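This report concerns only the one structure given below.
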Amino acid sequence: MDTNTIAKPSWFQRFLLPGFAFKAVVIGGGYATGRELAEFFIPSGPWGGLIGILLAMMIWSLVCAITFAFARLTQAYDYRSMFRQLLGPFWIIFEISYLLFMILILAVVAAAAGAIGEQVFGLPPMAGTLLLIAAIVGVTTFGNQGAEQLFKYGTTFIYVVYGVFLVLAIASFGGLIGPALTSGVPTDGWVVGGVTYASYNVVAVVAVLPFLRRATSQRDALIAGALAGPLAMLPALIFFLCMAAFYPAIGAEALPSDFLLQRMGVPWFQIVFQLMIFVALLETGAGCVNAFNERIGEAMVDRGRPSLSPLGRLAIATPLLVGSAFGASQIGLVDLIATGYGAFGYIMLVVFVLPIVTIGVARVVRSKAPPLGPAPEHGPVGEVARD
């Protein structure tokens, strides 16, 4: 397809959509409920946790910027294509790692949806899980367009709710936040916590790749990557500040969000916040499944076959989500995050973060930038990617 025939991308699509997509996959995997923040940052104390979060944010921005530029350079807009360029014959190592990690993420969001339905609305855990599965399947059936609309409007809703959350928290127990930050609690472990958290979460960037087609230049890709870190971490910073008021007890809560909402004593907002968490979980699940669908679709196109149809996306998403949800029901939310995420942090550091900041940077620096303009929605990897 001649890129001149492609509609000119909007400012939102070029600079903000990639960050919104990255945030979408990161937030519902754990920190929408506060469980991830409790696991990786509360042990370092209120001040150490904040520093660790800022470190993770900077790592995200750096890795996203490099990854976005590398993906555009190689015209690789699904993770299979990109890691064949980055790792060569060893790309299959990332494929296996990512598939396992994706199942873990889907299990976490399924468990969180079940826990919310049970604790807030008194429903059987499987009811919330099945509702989330149905919503994810509905969004991903429409491919990138469905995911883009979800990320656009879902993110706006999430930011507004977190803003109200901060206002109500300050009004309810804001006097506890300042003393907690200046309490002199040791900050041990903030570097390990920040790096580990950033390493396993940054793999969410592979869900962003289909939306990088809208970048019209390497400058677009770099700016979008730099913005991805703050866009993804802003709600976490707000949430952690509120959690700090109840350090260290909040570290043992399965749903820190529910713990804080109960102390605000605003029943209507508790319902709104839980709806926001559901939207966050939906964004994460939809981002993961859409990335998997795009990987399969691009492989089909490479073989001269049409890309996935809506029915094909439905057939892939349903068993993937149901299987992950079953695993979540057997393990539980806290154990999933505590045991699974930490291990994958080290795996992703080796198979993704280190290669992209070495091999990826070298390729971007020494290679000629691709022509200006957005890429077609589907098609084989371009000439640059095949060298």
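The values are calculated or read from the model by the stated rules, or taken from the named source; none is laboratory data. These numbers were taken from a predicted model, which means no experiment stands behind them. Methodologically, a virtual Cβ is constructed for each residue, glycine included, from the backbone with ideal geometry; neighbour enumeration extends over all protein chains shown.
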Selection status of Arg263, more than 30 Å from Gly175 (Cα to Cα), among the charged types (D, E, K, R) and either assigned to a helix (DSSP H, G or I) or more than 22 Å from the chain's Cα centre (by Cα) (or both): no
Subset of the stretch 232-248 (residues that are surrounded by fewer than 19 Cβ atoms within 10 Å (Cβ to Cβ) and not in a helix (DSSP H, G or I)): Pro248
Complete set of residues in the stretch 80-114 that are over 30 Å from Phe278 (Cα atoms) and either crowded, with 20+ Cβ neighbours inside 10 Å or of a type in the set (Lys, Arg) (or both): Ser81, Met82, Phe83, Arg84, Gln85, Leu86
Phe259 vs. criteria more than 30 Å from Tyr77 (Cα to Cα) and either surrounded by fewer than 20 Cβ atoms within 10 Å (Cβ to Cβ) or in contact (Cβ under 8 Å) with a residue 40 or more places away in the chain (or both): yes
Qualifying residue in the stretch 312-320 (condition: modelled with pLDDT under 85 and buried (at least 19 other Cβ atoms within 10 Å of the Cβ)): no
Residue match in the stretch 38-46 (condition: more than 13 Å from Ala236 (Cα to Cα), out of contact with any Leu (no Cβ under 7 Å at 6 or more places or on another chain) and in a loop (DSSP other than H, G, I, E, B)): no
Unique residue being closer than 30 Å to Arg213 by Cβ, assigned to a helix (DSSP H, G or I) and small (Gly, Ala, Ser) when the list is Gly251, Gly229, Gly304: Gly229
Neighbours by Cβ (under 6 Å, 6+ apart or cross-chain): first from the stretch 278-293, part of a helix (DSSP H, G or I); second among the charged types (D, E, K, R): Asn293/Arg313
Close pairs (6 angstrom Cβ cut-off, 6 or more residues apart or separate chains): among the aromatic types (Phe, Trp, Tyr) in the stretch 35-54, part of a loop (DSSP other than H, G, I, E, B) and modelled with pLDDT under 95 anywhere: Trp47/Thr187
Test: residue in the stretch 1-10 that is modelled with pLDDT under 95, in a helix (DSSP H, G or I) and under 15 Å from the mean Cα position of the chain (by Cα): no
Test: residue in the stretch 73-80 that is under 17 Å from Ala204 (Cα atoms) and either among the basic types (Lys, Arg) or more than 20 Å from the chain's Cα centre (by Cα) (or both): yes
